[in-house]
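Encoded as structure tokens, the structure appears first; notes follow it.
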Amino acid sequence: MNNNQKDNDPNEPYKFYKEEIKKQNNIKKGLKKLFIYIGSIACSLIIGLAISFTYIYCKDIIIPKYANNSIIEASLDGSSNNIVKTSNSLVKNAIENARPSVVSITTLNNSVDWFNNSTQYQGAGSGIIFHKTSTDVFIVTNYHVIQNASAIGVAIDDNKPIKANLVGKDENYDLAVLSINSDSLNDEELSNIQVARFADSSNLIVGDYVIAIGNAVGEGITSTFGMISSVSTDIISENKKLNVLQTTAAINPGNSGGALINLNGEVIGINTAKVADNKVESVGYTISSAVAMPIIEDIMRNLNPTSLGVMITDAQNANIDYEGMAGGALIVEIVPDGSADRAGLKVNDIITSVNDVPILSSSQLVEEIKKYEVWDTIKLKIIRNGKLETIKVKLLPTTK
């Protein structure tokens, strides 16, 4: 009876199908979980990429573009946080440190009008004080600023222009060196003279903050803020190809020859050109310090021979004789801000050798120094207070 009921169970034929349906449902559930897992991973990747893109875009484009406005607005409404206050302080300090080194340049240029009549017009530019001696102050600018000038004037701290002379130029690199005589400066102007500090521009990267300082539109020294947008760009300026830095700091007519500085107040470029038309909002170009400094040094080498910047006499004539001393040149006076002064030499130091060449007399020291060029660094052995010391001296140019 029981066997017959089992054999005749009406649900028996459907058991196979139920098992198949159960298997298919299990497969569907597994696929659903797999799709959910894959979808989660894909969503995570998309969100991660979106976050990364947003961060990079804000960090490299949005923040640098509006950083200056943020600093100014925060300063005005008094709601600046510590970071903005620090940034504002860095910018202010950099400008204060570098501004006294930047001068305004005014030129008088000759021209011919449509009727072949001679006329004159005034030009404006900027320059950077990079060296001074007891008699002269040296300024670097763009060659195109003074190219056609019949007269050149330099104004320190926006004072009255002083007559400047052309020392040398390099047309291929659009650079020129001017000098003004210290006797032309009043006491206030002399006290305001500050030699610029140059930094190695080869360490710059895109996004570094910079400040352009110059005689914008010929109205006096002003400053603008921006960043480095390219560390190597080729341009055509005055029909010559130049490799320059590109910056978002506003560079206007009159800024040519002025300084591009970092937030330490160090010069990292000499502003040379601006592009502004329908295709570009405002792009400024700067000759990097790495390119400019060797050119400036070459120009300065054409000046009168360098000197050590000291007055000397024979050590033996001064009745000075230390143990083991065979001779030497005794320093009796040091020229302010000259080579010896900057290196730390002092009155009563006795120079006994130059680059290991023994110095027996003052005349021999003079002849030995003549073998070197401007900007060469030499090693001096000196006797100071009876002790032998070694001092390195960079030979600076002099007009004496």
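Would you confirm whether or not the stretch 223-233 contains a residue that is of a type in the set (S, T, N, Q) and within 14 Å of Gly127 (Cβ to Cβ)?
Scanning the stretch 223-233, I find no residue that is of a type in the set (S, T, N, Q) and within 14 Å of Gly127 (Cβ to Cβ), so the answer is no.
Looking at Ser104, Ser111, Ser134 in this structure, which one is open to solvent by 30 Å² or more (accessible area, probe 1.4 Å) and in contact with a Pro (Cβ under 8 Å, 6 or more places away or on another chain)?
Ser134
Any idea which residue in the stretch 354-400 is farthest from the chain's Cα centre (by Cα), counting only those that are in a strand (DSSP E or B) and crowded, with 18+ Cβ neighbours inside 10 Å?
Ile383
Since Leu263 meets every condition but one in (1) assigned to a strand (DSSP E or B); (2) at pLDDT 90 or above, which condition does it not meet?
Of (1) assigned to a strand (DSSP E or B); (2) at pLDDT 90 or above, only one is false for Leu263: (1).
Considering only the stretch 341-350, state which residues are within 30 Å of Ser182 (Cα to Cα) and either open to solvent by 20 Å² or more (accessible area, probe 1.4 Å) or not in a loop (DSSP other than H, G, I, E, B) (or both).
Residues satisfying the conditions are Asp341, Arg342, Ala343, Gly344, Lys346, Val347, Asn348.
Please state which of the following conditions Phe138 fails to meet, knowing it meets all the rest: (1) in a strand (DSSP E or B); (2) farther than 19 Å from Asn215 by Cβ.
Going through (1) in a strand (DSSP E or B); (2) farther than 19 Å from Asn215 by Cβ one by one, Phe138 breaks only (2).
All but one of (1) under 19 Å from Ala94 (Cβ atoms); (2) aliphatic (A, V, I, L, M); (3) assigned to a strand (DSSP E or B) hold for Leu242, so report the exception by its number.
(1)
Considering only the stretch 170-192, state which residues are under 23 Å from Ser288 (Cβ atoms) and in a loop (DSSP other than H, G, I, E, B). Even if it seems obvious, please write down each step before you answer.
Looking only at the stretch 170-192, we keep the residues that are under 23 Å from Ser288 (Cβ atoms), and these are 170-178.
Hit for the stretch 170-192 is Asp174, nothing else.
Filter the stretch 321-333 for residues that are open to solvent by 40 Å² or more (accessible area, probe 1.4 Å) and over 40 Å from the mean Cα position of the chain (by Cα); which is modelled with the highest pLDDT?
Top of the filtered list is Ala326.
Does Val206 satisfy being over 22 Å from Val91 (Cα atoms) and in contact with a helix residue (DSSP H, G or I) (Cβ under 9 Å, 6 or more places away or on another chain)? Reasoning before the result, please.
Numbers: over 22 Å from Val91 (Cα atoms): no; in contact with a helix residue (DSSP H, G or I) (Cβ under 9 Å, 6 or more places away or on another chain): yes.
So Val206 fails the test.
Out of the residues in the stretch 207-250 that are under 14 Å from the mean Cα position of the chain (by Cα) and more than 26 Å from Asn172 (Cα to Cα), state the one that is most open to solvent (accessible area, probe 1.4 Å).
Tyr209
For Thr390, work out the one condition from (1) touching a residue at least 40 places away in the same chain (Cβ under 8 Å); (2) touching a Leu at 6+ places or on another chain (Cβ under 9 Å) it doesn't fulfil.
(1)
Considering each of Val167, Val154, Val195 in turn, give the residue that is among the hydrophobic types (A, V, I, L, M, F, W, C), assigned to a strand (DSSP E or B) and open to solvent by 30 Å² or more (accessible area, probe 1.4 Å).
Answer to the selection: Val167.
Pairs only if they're at least six apart or on different chains, beta carbon under 7 angstrom, first in the stretch 75-104 and within 30 Å of Leu178 (Cβ to Cβ) and modelled with pLDDT of 50 or more, second open to solvent by 30 Å² or more (accessible area, probe 1.4 Å) and of a type in the set (S, T, N, Q); list them, first residue then second.
Between residues of the stretch 75-104 that are within 30 Å of Leu178 (Cβ to Cβ) and modelled with pLDDT of 50 or more and residues that are open to solvent by 30 Å² or more (accessible area, probe 1.4 Å) and of a type in the set (S, T, N, Q), the close pairs are Ala94/Asn264; Ile95/Ser223; Pro100/Asn192; Pro100/Gln194; Ser101/Gln194.
Go through (1) open to solvent by less than 60 Å² (accessible area, probe 1.4 Å); (2) not in a strand (DSSP E or B) and name the single condition Pro336 misses.
(1)
Checking Pro253 against (1) open to solvent by 60 Å² or more (accessible area, probe 1.4 Å); (2) closer than 21 Å to Phe138 by Cβ, which test does it fail?
Only one criterion is unmet by Pro253, namely (2).
The values are calculated or read from the model by the stated rules, or taken from the named source; none is laboratory data. Note that the coordinates shown come from a computational prediction; the quantities given were computed from them, not determined experimentally. No Cβ is skipped: glycine too gets one built from the backbone with ideal geometry, and neighbour counts run over all protein chains shown. What goes into the accessible areas is simple: the full protein's heavy atoms, side chains included, and nothing from ligands, DNA or RNA. Shrake-Rupley method; radii C 1.70, N 1.55, O 1.52, S 1.80 Å.
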